[in-house]
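Everything on this sheet refers to the single structure shown next.
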Amino acid sequence: MSGNLNQSEERDERLLRRARAARAAGDVAGEREAITRLIEPYWNWGRSIAYGKIGGVDDPAADAEEIAQDLLRRLAQLLRTKLEFDTSFRGVAAANLNFAIKDYWRRSARTRSKPVDPGELVAIDPRPPVPSAGETAADLDSYFAGLSEREQALAHDRLVLDLSPAEIAQRHGMKRGAVDTAWHRIVKKMRENAPTGVRERDRGAV
């Protein structure tokens, strides 16, 4: 890749290297932390772009957040299978955001595209720039306020890493039923903490 990387791209490359090293060493916790930090800023970035592309809908703010969450699910799913790409991770995110927006319009027809590895992308200019991790953390804090550390870990596994309830149960040494019970409690708390304008429905139902 070009040595003329901007600060966001350098950050992405650093976290991808860290995730690859952790995966090679069998360090599940280290890999999870690196991937979570890698994709978190793209929630705010994806929401900003989506908001500008879906004007005219009844609730663009809530729908843009839905698209951003879909983007994070796609990126997490893709990163579970590979951690090296022929383009910048920002380009990977831009391609997946494009498909997430298309799926948003197609949803009534139940037509869904798959996460993509845009190895041949050359001319994507995914503006606006990626926000800092601190800015994204502030966005997520409004949802996670009031959650215990364990609940926050479960929420990250479900919403950010897109793990199944069975995978979460295995990761945390819990029974599947306990995960379901905890998740319903987490969703209730997150609804109560959701910013004004966010649609009150469960986007991550088990």
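The listed residues are A76, A50, A64, A94, and the only one of them that is crowded, with 17+ Cβ neighbours inside 10 Å and out of contact with any helix residue (DSSP H, G or I) (no Cβ under 8 Å at 6 or more places or on another chain) turns out to be A94. Set side by side, the residues A68, A64, A34 differ, and just one is assigned to a helix (DSSP H, G or I), more than 21 Å from I101 (Cβ to Cβ) and assigned by TED's automatic domain parsing to the domain that holds R107, which is A34. Taking the criterion of being of a type in the set (V, I, T) and surrounded by 15 or more Cβ atoms within 10 Å (Cβ to Cβ), the only residue of segment 13-35 that qualifies is I35.
Looking at segment 80-88, can you tell me whether even one residue there is buried (at least 20 other Cβ atoms within 10 Å of the Cβ) and farther than 28 Å from E167 by Cα? Scanning segment 80-88 turns up at least one residue that is buried (at least 20 other Cβ atoms within 10 Å of the Cβ) and farther than 28 Å from E167 by Cα. Note down all Cβ pairs under 6 Å where the first residue falls in segment 153-177 and is assigned by TED's automatic domain parsing to the domain that holds M190 and closer than 19 Å to L79 by Cα, the second is of a type in the set (S, T, N, Q) and part of a loop (DSSP other than H, G, I, E, B), and they're at least six residues apart or on different chains. Nothing qualifies.
Residue-wise test of (1) at pLDDT below 90; (2) small (G, A, S).
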| position | (1), (2) |
| --- | --- |
| N6 | yes, no |
| L16 | no, no |
| A19 | no, yes |
| A25 | no, yes |
| L38 | no, no |
| W45 | no, no |
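The values are calculated or read from the model by the stated rules, or taken from the named source; none is laboratory data. Here the structure is a predicted model, which is why all the values come from computation and not from measurement. Counting neighbours? That spans all protein chains shown, and the Cβs are built from the backbone with ideal geometry, glycine included.
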